[in-house]
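Each remark here refers to the structure printed beneath this line.
Derivation of every value follows stated rules applied to the coordinates shown; laboratory data play no part. Predicted, not measured: the structure shown is a model, and the values here were computed from it. Glycine gets a Cβ as well: all are built from the backbone with ideal geometry, and neighbour counts include every protein chain shown.
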């Protein structure tokens, strides 16, 4: 995948992990300078999420994820229709504001 930073540098490598803050670990990385005239090869790197401008993920990977989501939805209990949930029993104060009887 390709990662472009806000400062113009680009990192191209294999995604190892990503957390909730978009902090990314890449392996087998090629870093390109802002001007595009300098290149560095690194075995791995860590990129802080707040410095990322955008990510470019190959179309093949996106297609693979779509297929996986569809295949997981098949079978027993998967991909149920969106039915509205009823109120059911319990779970709230009910009528009268929940003050009770006494």
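Figures for the structure shown
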quantity	calculated
Separation of the residue 66 and residue 19 label points, Cα + 7 Å toward Cβ, nm	3.2
Binned Cα-Cα distances of the range 2-56, short to long, each 5 Å bin given as a whole percent	5, 21, 33, 27, 11, 2, 0
